[in-house]
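J.: Sending over a structure as structure tokens; questions will come in a sec.
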Amino acid sequence: MPRERTDTLIVGGGQAGIAMSEHLGRAGVPHIVIEKNRTAEAWRTGRWDNLVANGPAWHDRFPGMAFDDCHPDAFVSKDRMAQYLVDYAAMIGAPIREGVEVLSAARLDGPGGFLVTTSDGQIEAQRIVAATGAFQHPVIPPILPETAPVQHLHSFHYKSPDQLPDGAVMVVGAGSSGAQIADELNRAGRKVFLSVGPHDRPPRRYRGRDNVWWLGVLGLWDMAAPQPGTEHVTISVSGARGGQTMDFRRLTGEGVILTGRTSGYADGILQFDDDLPRNIAAGDANYTSVLDMADAYVARTGIDLPEDPAARAVYPDPACLTDPVRALDLAAEGVSAIIWATGFRQDFSWLKLDAFDAQGAPIHQRGSSVEPDVYFLGLPWQSRRGSSFLWGVWHDARHIADQIEIQRAYQRYEGEAAVVQPAAE
Ligand SMILES: Cc1cc2nc3c(=O)[nH]c(=O)nc-3n(C[C@H](O)[C@H](O)[C@H](O)COP(=O)(O)OP(=O)(O)OC[C@H]3O[C@@H](n4cnc5c(N)ncnc54)[C@H](O)[C@@H]3O)c2cc1C
């Protein structure tokens, strides 16, 4: 039986794969989307129960469809986001094959293109778009030995407070996931310790506008590359309970105990770096810098936005900040669980090509791989700061569709270069 063929094979049916399908569909490029689970699986099962979007509904969406059942300033639930993406895929007629895993993709000798081996047979494709997500495999730093007398899990596997044994909880990592999970556990009546590393923490709202709007008008979503030294700084934002600025001093007032970065473990004792005041100060500086840039924007443009002095109020420093703990005796503090909100890694092991650097990261320019006819989508900072977010990936997908169209146009060309003498004067 002849193998199935397509022009472009998109691997992954999340928001990146759907956005890619929309742009290829518009350009008339034959394609298939292969999804090993279900459409938008990460939003369905890869998040905790109460997660809501980090950005308001008017912003965290694709241009072609608005949320029709909530206020534009609402932060939609993860399930609503999954449904949105499923509806969007149906609206554009995305040719998604669910429950099929891409096992490998390798270059075909002879005719060019790629041989893609899936759990449901082989497909030949002229091009491949890897849209498998930036947050694939949970990463836990090798700090705790298997024998440590405490349950521990990655934030990827955290669903709700009820899932954890009774007792206090240590949350490691204060990006958006860790800070929100610590807040949720604290509100559920748990004693919570939160290990805080370097982070940005923009204001949720300022002068009557949401952070996503400020990032837009200040050009920060479009920043092409991270500031040197801030490549891996996590952003701590939340849409929970209508959306509040992530303020670590406020959290301590509500009961959370902060520590520095978790650095080691021995004999039942978790150890922390001496960096908590520095990390909090850097987060504060980031917060203030956004307010300052926003004020400068108001002054420059004359836009009529109300003053907002309350945004510059600072809660008093709590004891855990002025005299941070450097070690935590887990048993003595009744810590029964540790949640590692310590990030994810990508996995392109199925792509049997020389397209990666020594760390396994794709080598690419705005998503176009060094390997011809291979594209990546949804990478952090793929073209700009917004690249791995819902609205940003849509714009990156458009760029990649353009690149594919350009290549297809060259490949369709059938002329023969001839030496044409200039016409006589
Ligand atoms: C906790 C959390 C909260 C977030 N909140 C927001 C938010 O509020 N707003 C926002 O804009 N962004 C948010 N993000 C960032 C980003 O929008 C999401 O991670 C989003 O799911 C990324 O979409 P994606 O399509 O790139 O990847 P994914 O959603 O991960 O989709 C990739 C798909 O590829 C499939 N796949 C992987 N390997 C294969 C294979 N070999 N064969 C076939 N299929 C495969 C997977 O099953 C998956 O469905 C959040 C991220 C996290 C981790």
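J.: From the list Asp166, Asp162, exactly one residue is open to solvent by 20 Å² or more (accessible area, probe 1.4 Å), at pLDDT 95 or above and in a loop (DSSP other than H, G, I, E, B). Which is it?
T.: Criteria check complete, one pass: Asp166.
J.: Now, a different point. Within segment 187-199, does at least one residue satisfy the condition of being aromatic (Phe, Trp, Tyr), more than 19 Å from Asn54 (Cβ to Cβ) and more than 16 Å from the chain's Cα centre (by Cα)?
T.: yes
J.: Which number in (1) touching a strand residue (DSSP E or B) at 6+ places or on another chain (Cβ under 8 Å); (2) under 17 Å from Pro324 (Cα atoms); (3) surrounded by fewer than 17 Cβ atoms within 10 Å (Cβ to Cβ) marks the one condition that Gly260 misses?
T.: (3) is the only condition that Gly260 fails.
J.: To continue, here is another question. For the structure I just gave you, tell me whether Gly197 is at pLDDT 95 or above and either surrounded by fewer than 22 Cβ atoms within 10 Å (Cβ to Cβ) or part of a loop (DSSP other than H, G, I, E, B) (or both).
T.: Taking the combined requirement at face value, the residue satisfies it.
J.: Just to be sure, is Asp166 free of Cβ contacts under 8 Å to residues at least 40 places away in the same chain and more than 26 Å from the chain's Cα centre (by Cα)?
T.: Against the criterion (free of Cβ contacts under 8 Å to residues at least 40 places away in the same chain and more than 26 Å from the chain's Cα centre (by Cα)), Asp166 does not qualify.
J.: Considering only strands (runs of 3 or more DSSP E) fully contained in segment 318-425, which possess at least 3 residues that are touching a strand residue (DSSP E or B) at 6+ places or on another chain (Cβ under 6 Å) and under 30 Å from Pro277 (Cα atoms)?
T.: Answer list for segment 318-425: 327-329, 335-340.
J.: Just wondering, is there one or more residues in segment 232-242 that are outside any strand (DSSP E or B), open to solvent by 60 Å² or more (accessible area, probe 1.4 Å), out of contact with any Pro (no Cβ under 9 Å at 6 or more places or on another chain) and among the polar types (S, T, N, Q)?
T.: No, segment 232-242 contains no residue that is outside any strand (DSSP E or B), open to solvent by 60 Å² or more (accessible area, probe 1.4 Å), out of contact with any Pro (no Cβ under 9 Å at 6 or more places or on another chain) and among the polar types (S, T, N, Q).
J.: What single numbered condition from (1) of a type in the set (A, V, I, L, M); (2) open to solvent by less than 10 Å² (accessible area, probe 1.4 Å); (3) over 18 Å from Trp340 (Cβ atoms) fails to hold for Ala281?
T.: Here Ala281 clears every test but (2).
J.: Something else now. Consider only pairs whose beta carbons are under 7 Å apart and that are at least six residues apart or on different chains; among these, list those whose first residue lies in segment 370-384 and is farther than 13 Å from Phe356 by Cα and open to solvent by 40 Å² or more (accessible area, probe 1.4 Å) and whose second residue is aliphatic (A, V, I, L, M) and more than 10 Å from the ligand (Cβ to nearest atom).
T.: Trp381/Ala225; Arg384/Met223; Arg384/Ala224
J.: Let me ask something else. Any idea which of Asp317, Asp329, Asp347, Asp304 is closer than 27 Å to Tyr158 by Cβ, of a type outside the set (S, T, N, Q) and over 30 Å from the mean Cα position of the chain (by Cα)?
T.: Asp329
J.: While we're on this one: Out of contact with any Leu (no Cβ under 6 Å at 6 or more places or on another chain) and under 30 Å from Gly255 (Cβ atoms), is that true of Asp347?
T.: Spelling it out, it is not the case that Asp347 is out of contact with any Leu (no Cβ under 6 Å at 6 or more places or on another chain) and under 30 Å from Gly255 (Cβ atoms).
J.: Exactly one condition in (1) over 22 Å from Ser387 (Cβ atoms); (2) modelled with pLDDT of 95 or more is false for Glu146; which is it?
T.: Against the list (1) over 22 Å from Ser387 (Cβ atoms); (2) modelled with pLDDT of 95 or more, Glu146 comes up short only on (2).
J.: Same structure again: In this structure, does Leu305 turn out to be touching a Phe, Trp or Tyr at 6+ places or on another chain (Cβ under 9 Å), closer than 27 Å to Val52 by Cβ, assigned to a loop (DSSP other than H, G, I, E, B) and at pLDDT 95 or above?
T.: Taking the combined requirement at face value, the residue satisfies it.
J.: When the residues of segment 334-362 are narrowed to those that are open to solvent by 70 Å² or more (accessible area, probe 1.4 Å) and modelled with pLDDT of 95 or more, which ends up farthest from Arg408 (Cα to Cα)?
T.: Residue satisfying both the conditions and the ranking: Ser349.
J.: Tell me the residue from Gly110, Gly99, Gly55, Gly25 that is within 27 Å of Gly216 (Cα to Cα), surrounded by fewer than 23 Cβ atoms within 10 Å (Cβ to Cβ) and small (Gly, Ala, Ser), please.
T.: So the residue among Gly110, Gly99, Gly55, Gly25 that is within 27 Å of Gly216 (Cα to Cα), surrounded by fewer than 23 Cβ atoms within 10 Å (Cβ to Cβ) and small (Gly, Ala, Ser) is Gly55.
J.: Would you check which residues across segment 113-135 are buried (at least 16 other Cβ atoms within 10 Å of the Cβ) and within 9 Å of the ligand (Cβ to nearest atom) and list them?
T.: The answer is Thr118, Ala130, Ala131, Thr132, Gly133, Ala134, Phe135.
Results for (1) more than 16 Å from the ligand (Cβ to nearest atom); (2) of a type in the set (S, T, N, Q), shown as yes or no for each residue.
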{"site": "Ser383", "(1), (2)": "no, yes"}
{"site": "Ser388", "(1), (2)": "no, yes"}
{"site": "Arg398", "(1), (2)": "no, no"}
{"site": "Ala401", "(1), (2)": "no, no"}
{"site": "Gln407", "(1), (2)": "yes, yes"}
{"site": "Gly415", "(1), (2)": "yes, no"}
{"site": "Ala418", "(1), (2)": "yes, no"}
{"site": "Pro422", "(1), (2)": "yes, no"}
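J.: Any residue in segment 25-41 that is at positive phi sitting within a Cβ distance under 7 Å of a residue that is more than 7 Å from the ligand (Cβ to nearest atom) and not small (Gly, Ala, Ser)? List the pairs, counting only those 6 or more apart or interchain.
T.: Once the first residue is at positive phi and sits in segment 25-41, its partners that are more than 7 Å from the ligand (Cβ to nearest atom) and not small (Gly, Ala, Ser) give Ala40/Leu85; Ala40/Val86.
The values are calculated or read from the model by the stated rules, or taken from the named source; none is laboratory data. Everything quoted here is computed from the prediction, not taken from an experiment. All Cβ positions, glycine included, derive from the backbone under ideal geometry; neighbour counts span all protein chains shown. For accessibility, only protein heavy atoms count, side chains too; no ligands or nucleic acids. Shrake-Rupley method; radii C 1.70, N 1.55, O 1.52, S 1.80 Å.
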